[in-house]
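Asks: First the structure, then my questions, so here it is.
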Amino acid sequence: MVTIQKIPNRVLEIFSSSKAAIKQNSSSFYFAFSKLDKDQAYSIFVIYDYLRQIDDAADNHDRITFNKLIFWWETACNTNNIVINKTSNIADRVAYIFNHFSIDTKLMTDMIQGQLRDLNNIEINTLSELENYCYQVAGTVGCMIFCILSRNSIENNRKAVINVGIALQLTNILRDVHEDAMADRYFIPKQLLLKYDIQKQVLLESKPDIQTQSLLQYLARLALSKYAETDVITNQILDRKGKVALELSINVYKKILTKLMKNNFVDLSKRVYVTPQEKLLLLLKTFSKHIK
């Protein structure tokens, strides 16, 4: 267990721009983490803001922006004693946070590899490749957040954190499967399409056939099984606010998954989301679980 010093207020003030960006672009993420202490909340928002920019550039095949963001990161990683001021770019801020919370930079390297798959539209062939991709773009984020919220070592909890991250990304894929197909983005492995005798083009249709529903339910059950490790992670976070924030963020996505499963993927064009009322109920349920 390590003791972490507070981030100076002048630095947090600079980080606050990411808070506004997350509040506007990711209401569920903001809802879950906004009540943390500023050190933790703003650090998470900065990382998420940077990763969102990389993700947007990859999805839009904007190589100029993508390469700029990666160049900034690589430069920041090779800079000793980064000083944060108003001219610091977003990657400088992320590098500062990685150093402050002793986060392994390999996590960002792995994340970038996953985003390169999206940028280059590389198809996924096997379930193993899909799970590795989910680790790269989501499991890594879970590890970063764990390092900010917990003073315990990530190494003893790495597998559980990654499994929940995979569950979160599978939920994203299942929720957006039709929208992604319309944009020529496919994440269902060729191996599974062949097994269920499905052509990937069927995902362009809003009303899937029984085979497609069965395939999507299979992936949903896989995701649900990985959410089972949530308590393993949250039990390693001693601070109640951190415990509640992390579990709430996971439960919001798990709620999306269970709604998808309940609807049996009958209309892929209809976006499934968690209502404000449902989020409030999840917050109350999660908070009451951790009252001592």
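Asks: Filter region 42-68 down to the residues that are within 24 Å of ARG10 (Cα to Cα) and aliphatic (A, V, I, L, M) and list them by number.
Replies: Result: ILE44, VAL46, ILE47, LEU51.
Asks: Which ones in region 115-129 are over 20 Å from ILE64 (Cβ atoms) and touching a residue at least 12 places away in the same chain (Cβ under 8 Å)?
Replies: GLU123, ILE124, ASN125, THR126, LEU127, GLU129, listed by residue number.
Asks: Starting from region 279-292, keep only residues that are touching a residue at least 60 places away in the same chain (Cβ under 8 Å), then list their pairs with residues that are of a type in the set (Ser, Thr, Tyr) whose Cβ atoms are within a distance under 9 Å, requiring at least 6 positions of separation or different chains.
Replies: Once the first residue is touching a residue at least 60 places away in the same chain (Cβ under 8 Å) and sits in region 279-292, its partners that are of a type in the set (Ser, Thr, Tyr) give LYS279/SER27; LYS279/SER28.
Asks: Let me ask another. Given (1) out of contact with any Phe, Trp or Tyr (no Cβ under 7 Å at 6 or more places or on another chain); (2) under 26 Å from GLN5 (Cα atoms); (3) of a type in the set (A, V, I, L, M, F, W, C), identify the lone condition not met by CYS134.
Replies: (2)
Asks: Can you tell me which of (1) more than 30 Å from ALA245 (Cα to Cα); (2) in a helix (DSSP H, G or I) is the one ALA220 doesn't meet?
Replies: Here ALA220 meets the rest and fails (1).
Asks: Also: Looking at region 23-47, which of the residues that are among the charged types (D, E, K, R) and out of contact with any Leu (no Cβ under 9 Å at 6 or more places or on another chain) is farthest from TRP73 (Cα to Cα)?
Replies: We begin by selecting, within region 23-47, every residue among the charged types (D, E, K, R); these are 23, 35, 37-39.
Those still in the list that are out of contact with any Leu (no Cβ under 9 Å at 6 or more places or on another chain) too: 23, 35, 37.
Details: LYS23: 24, LYS35: 28, ASP37: 26 Å.
Selected residue: LYS35.
Asks: Do the conditions hold for THR258, that is, is it without any contact (Cβ under 8 Å) to a residue 60 or more places away in the chain, surrounded by 18 or more Cβ atoms within 10 Å (Cβ to Cβ) and β-branched (Val, Ile, Thr)?
Replies: Numbers: without any contact (Cβ under 8 Å) to a residue 60 or more places away in the chain: yes; surrounded by 18 or more Cβ atoms within 10 Å (Cβ to Cβ): no; β-branched (Val, Ile, Thr): yes.
No: the conditions fail for THR258.
Asks: Another question about this same structure. Between a first residue in region 187-214 that is at pLDDT below 95 and a second residue that is charged (D, E, K, R), which pairs have beta carbons less than 6 Å apart while being 6 or more apart in sequence or on different chains?
Replies: SER206/ASP267
Asks: Are any residues in region 223-236 part of a helix (DSSP H, G or I) and among the hydrophobic types (A, V, I, L, M, F, W, C), and if so, which ones? If you could, list the steps in order and put the result at the bottom.
Replies: Let us first name the residues in region 223-236 that are part of a helix (DSSP H, G or I), namely 223-227, 230-234.
If the condition is that a residue be part of a helix (DSSP H, G or I) and among the hydrophobic types (A, V, I, L, M, F, W, C), then ALA223, LEU224, VAL232, ILE233 are the ones that fit.
Asks: Which numbered condition trips up ALA138, out of (1) part of a helix (DSSP H, G or I); (2) small (Gly, Ala, Ser); (3) out of contact with any Gly (no Cβ under 9 Å at 6 or more places or on another chain)?
Replies: If we test ALA138 against (1) part of a helix (DSSP H, G or I); (2) small (Gly, Ala, Ser); (3) out of contact with any Gly (no Cβ under 9 Å at 6 or more places or on another chain), just (3) comes out false.
Asks: Would you confirm, using the coordinates I've provided, whether ALA57 is surrounded by 20 or more Cβ atoms within 10 Å (Cβ to Cβ) and either closer than 28 Å to ALA181 by Cβ or among the charged types (D, E, K, R) (or both)? Lay out the reasoning, then the answer.
Replies: Values: surrounded by 20 or more Cβ atoms within 10 Å (Cβ to Cβ): yes; either closer than 28 Å to ALA181 by Cβ or among the charged types (D, E, K, R) (or both): yes.
When the stated conditions are applied, ALA57 passes them.
Asks: Would region 76-87 turn up any residue that is under 26 Å from TYR133 (Cα atoms), touching a residue at least 12 places away in the same chain (Cβ under 8 Å) and surrounded by 22 or more Cβ atoms within 10 Å (Cβ to Cβ)?
Replies: no
Asks: Applying the selection to region 91-119, what residues are closer than 23 Å to LEU168 by Cβ and not in a helix (DSSP H, G or I)?
Replies: Within region 91-119, the subset closer than 23 Å to LEU168 by Cβ is 94, 97-98, 101, 103-119.
If the condition is that a residue be closer than 23 Å to LEU168 by Cβ and not in a helix (DSSP H, G or I), then PHE101, ILE103, ASP104, THR105 are the ones that fit.
Asks: Let me ask something additional. Hey, can you tell me all the residues within region 248-276 that are over 18 Å from the mean Cα position of the chain (by Cα) and small (Gly, Ala, Ser)?
Replies: SER269, the sole residue that qualifies.
The values are calculated or read from the model by the stated rules, or taken from the named source; none is laboratory data. Owing to the predicted nature of the structure, the values given are computational and were not obtained by experimental measurement. Using ideal geometry, Cβ is built from the backbone for each residue, glycine included, and neighbour counts are taken over all protein chains shown.
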